[in-house]
Structure formats: C-alpha cells, structure tokens
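Asker: Quick one: the structure is below, questions incoming.
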Amino acid sequence: MKRVGVLLLLAANLAYAETGKLPVSNENRWKSECGSCHIAYPPQLMSTENWQGLMGSLDKHFGSDATLDPKVNKDILGFLKRNAGSGELYSSTSLRISDTPWFKREHHVIAAKEWSNSNVKSRSNCESCHGKTVLGN
C-alpha cells in the first residue's frame, strides 16, 4: 500500500510538471532588480551554470551594464541557483533562455514571422504571449 501512495505522488508531480507551470518564489530582490529592466525570468528556465555565467558578467549584460552591488548579486545568484533548472534542456552557451533546448522544444510551432510581429518583437518578450503567467501569477 505504501508503494502505491508513493507512485501516486510521483505521478501527480509528473502531471503537474507537464502542465508547464513553473513554481516561482516571492524573492523580492530578484523581482525588483531583474524586473526593473525586463521581466524577472523564472530561475527554472536556465541551469545553475548559466545563471552563474550570467550573474558573473552583468557588466556586459546583452549590451548593457547591469552591474549590481556585490551582496545583492550574491543574494540573487543564491536564489537563482537554488531554483535553477537542471540538465542540458536548460543550458545554452549564449546564456539566452531562448537558446535553451527547452525553449526551442516548447516554441517550435511558432512561425518565424510571429517573432517579428510588432506586438512580440523578440523571443525574450514572454509577456507578449504569456502575460503575467510567465512569473507564476
């Protein structure tokens, strides 16, 4: 009987994971700092290694200087690492979420012209299609 309960719990967790919902913590510092320039991307969308690389190069953050106070950087990096995605699906050499195998798999049906739509503009504009759900709201 105990085995059946464990199997049911595992099945429920897998079913939840397949819904595409990403649990997101209410990490205020992450939301306020990262969200001040763009959406605060859910940490589950990239690997620990990618978050380390990204947070270690904020002086060259996709063409901008997004340098943070060292303590703030450490706090946010800790949050990102604790909640990061695991495995190759969540890793990209470019450190772009849109270059991860997960992103490509989830968005493979989107036509190229949709990404250049004036309401979308780029693959990084998650809110244009997903609204606030990207943040777990």
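Asker: Restricting to segment 107-130, name every residue that is among the charged types (D, E, K, R) and either within 13 Å of the chain's Cα centre (by Cα) or not in a helix (DSSP H, G or I) (or both).
Answerer: Lys121, Arg123, Glu127
Asker: Then there's this: Condition (residue is modelled with pLDDT of 85 or more and of a type in the set (Ser, Thr, Tyr)) applied to segment 46-56: is it met by at least one residue?
Answerer: Yes, the conditions are met somewhere in segment 46-56.
Asker: I'd like to check something: does segment 81-91 contain any residue that is among the hydroxyl-bearing types (Ser, Thr, Tyr), modelled with pLDDT of 95 or more and part of a loop (DSSP other than H, G, I, E, B)?
Answerer: yes
Asker: To continue, here is another question. Check Cys129 against each of (1) out of contact with any helix residue (DSSP H, G or I) (no Cβ under 8 Å at 6 or more places or on another chain); (2) within 18 Å of Glu33 (Cβ to Cβ) and name the one condition it does not meet.
Answerer: (2)
Asker: Which of the residues that make up segment 48-74 are out of contact with any Ser or Thr (no Cβ under 6 Å at 6 or more places or on another chain), of a type in the set (A, V, I, L, M, F, W, C) and not in a loop (DSSP other than H, G, I, E, B)?
Answerer: Across segment 48-74, the qualifying residues are Trp51, Leu54, Met55, Val72.
Asker: Out of Leu22, Leu9, Leu77, which single residue is of a type outside the set (S, T, N, Q), farther than 24 Å from Glu106 by Cα and either in a loop (DSSP other than H, G, I, E, B) or modelled with pLDDT of 90 or more (or both)?
Answerer: Leu77
Condition check ((1) out of contact with any Leu (no Cβ under 6 Å at 6 or more places or on another chain); (2) touching a residue at least 12 places away in the same chain (Cβ under 8 Å); (3) more than 22 Å from Glu127 (Cα to Cα); (4) surrounded by 15 or more Cβ atoms within 10 Å (Cβ to Cβ)) across all residues:
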residue: Pro43; (1), (2), (3), (4): no, yes, no, yes
residue: Gln52; (1), (2), (3), (4): yes, yes, yes, yes
residue: Thr67; (1), (2), (3), (4): no, no, yes, no
residue: Leu95; (1), (2), (3), (4): no, yes, no, yes
residue: Thr100; (1), (2), (3), (4): yes, yes, no, yes
residue: Arg105; (1), (2), (3), (4): yes, yes, no, no
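The values are calculated or read from the model by the stated rules, or taken from the named source; none is laboratory data. Remember, it's a predicted structure, so these values are computed and weren't measured experimentally. Positions of Cβ are backbone-derived with ideal geometry, glycine not excepted, and every protein chain shown enters the neighbour counts.
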